[in-house]
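Below: one structure, written as structure tokens.
Readers should treat all values here as calculations from the given coordinates under stated rules, not as data from a laboratory. Since the model is a prediction, treat every value here as computed from it, not as a measurement. All Cβ positions, even for glycine, are placed from backbone atoms using ideal geometry, and neighbour counts span all protein chains on display.
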Amino acid sequence: MTVAVVQFGGSNCDRDAVRALDHLGVDAERVWHEDGLPTDPDGIVLPGGFSYGDYLRAGAMAARAPIMEEVRDAADDGVPVIGICNGAQIGSESGLTPGAFTTNASARFQCEPVRLRVERADTPWTAAYDEGDVIEVPIAHGEGRFEISEAAHADLVADDRVLFRYCDADGNVTDAANPNGSTDNVAGVLGERETVAVLMPHPERATLPDLGRGTDGAGILRAFA
Amino acid sequence: MTAYTATVTVRLKRGVLDPEAETTQQALERLGFELSDLRSADRFEVDLDAADADEAADRADEMAERLLANPTIHDYDVAVAER
């Protein structure tokens, strides 16, 4: 019984995720995608990186890897699944969550701390926070702009499935606080189940106290604790 | 069976921001070119054998649906020619 951190060719945040989970007392192990999921995993992390060199579209190739069928089945069974950065791109490409993550409005790779407003506090990913809390977590992506059709966005909002929005220090959701041009400042969304989530920012980079940043991201990974 | 080339063109839906195209347009303008707009697209040329052109187009269409395009942001079209 462990959390499986799925490693694709080109994943590069898999070790960071395992370290962060270890720090929180969560048993986690890296799983090479070709080996398939372990039996009855406690949870699944799709980590950040550049799987398959971002060929075609970020996450497009990994989303079609056979292990993702196992991940979707596990998600349907209620196993907690989180996609982080490239893992978020893989999650949306594989249909785990709605919308798509595509080229930043700036057309640049952006690596910087951002602030997120917690939009839901009643999910496993946000139980450590209160609704409206502002947390600081870094981003590092070139394709993080959340795009979604108007109709699907309306459904997303109506179903209250936006988990995090980019905001300023006071929690105001503004264009200036939107680092990449995401629709409605969306930084992270829930799947059909609250146990499935994706987000572009990196909670595993804001969990270990010795990294010189805050530890605001730890609460997200505590979903597995 | 006949040999075909199916050309799949994948482009962003109108209205979806294309920062790479905007940057490319700015670079062209910096070089002194005058243009009113620029759009980019990905083109895939798929060689395949099929019973007829319709079958070749159907298969290329499914490739676009399942991998080459992301329906959230893309439109695509398929053109088939004998090879």
>> Would you confirm whether or not the range B:28-39 contains a residue that is within 14 Å of chain A (Cβ to nearest Cβ), within 21 Å of A:A105 (Cβ to Cβ) and surrounded by 13 or more Cβ atoms within 10 Å (Cβ to Cβ)?
In response: yes
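Take the conditions closer than 24 Å to A:T97 by Cβ and touching a Phe, Trp or Tyr at 6+ places or on another chain (Cβ under 9 Å) and apply them to B:A50. Does it pass?
It is false that B:A50 is closer than 24 Å to A:T97 by Cβ and touching a Phe, Trp or Tyr at 6+ places or on another chain (Cβ under 9 Å).
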>> Suppose we keep only residues that are touching a residue at least 12 places away in the same chain (Cβ under 8 Å) and among the small types (G, A, S) within the range A:110-155. Which one would you say is nearest to A:N12 (Cα to Cα)?
In response: A:A140
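Would you point out the residue of the range B:68-83, among those that are surrounded by fewer than 17 Cβ atoms within 10 Å (Cβ to Cβ) and closer than 24 Å to A:A62 by Cα, that is farthest from the other protein chains (Cβ to nearest Cβ)?
As a first pass, look at the range B:68-83 and keep what is surrounded by fewer than 17 Cβ atoms within 10 Å (Cβ to Cβ): B:71, B:75, B:77, B:79, B:81-83.
If we keep only those that are closer than 24 Å to A:A62 by Cα as well, we get B:71, B:75.
Working: B:P71: 9, B:D75: 12 Å.
Within the range B:68-83, the match that is farthest from the other protein chains (Cβ to nearest Cβ) is B:D75.
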> away from chain A (no Cβ under 13 Å), among the hydrophobic types (A, V, I, L, M, F, W, C) and touching a strand residue (DSSP E or B) at 6+ places or on another chain (Cβ under 8 Å) - does that describe any residue in the range B:5-24?
Replying inline: yes
>> Return the residues of the range A:187-220 that are over 23 Å from A:R145 (Cα atoms), assigned to a helix (DSSP H, G or I) and touching a residue at least 40 places away in the same chain (Cβ under 8 Å); say none if nothing qualifies.
In response: A:A218, A:G219
> Residues in the range A:187-196: is at least one closer than 30 Å to B:P19 by Cβ, surrounded by 23 or more Cβ atoms within 10 Å (Cβ to Cβ) and over 13 Å from the mean Cα position of the chain (by Cα)?
Replying inline: no
> Would you pick out the residues in the range B:15-50 that are charged (D, E, K, R) and free of Cβ contacts under 8 Å to residues at least 24 places away in the same chain?
Replying inline: B:D18, B:E20, B:E22, B:E29, B:R30, B:E34, B:D37
> Based on what the data block shows, is B:D58 among the acidic types (D, E), more than 13 Å from chain A (Cβ to nearest Cβ) and in contact (Cβ under 8 Å) with a residue 40 or more places away in the chain?
Replying inline: no
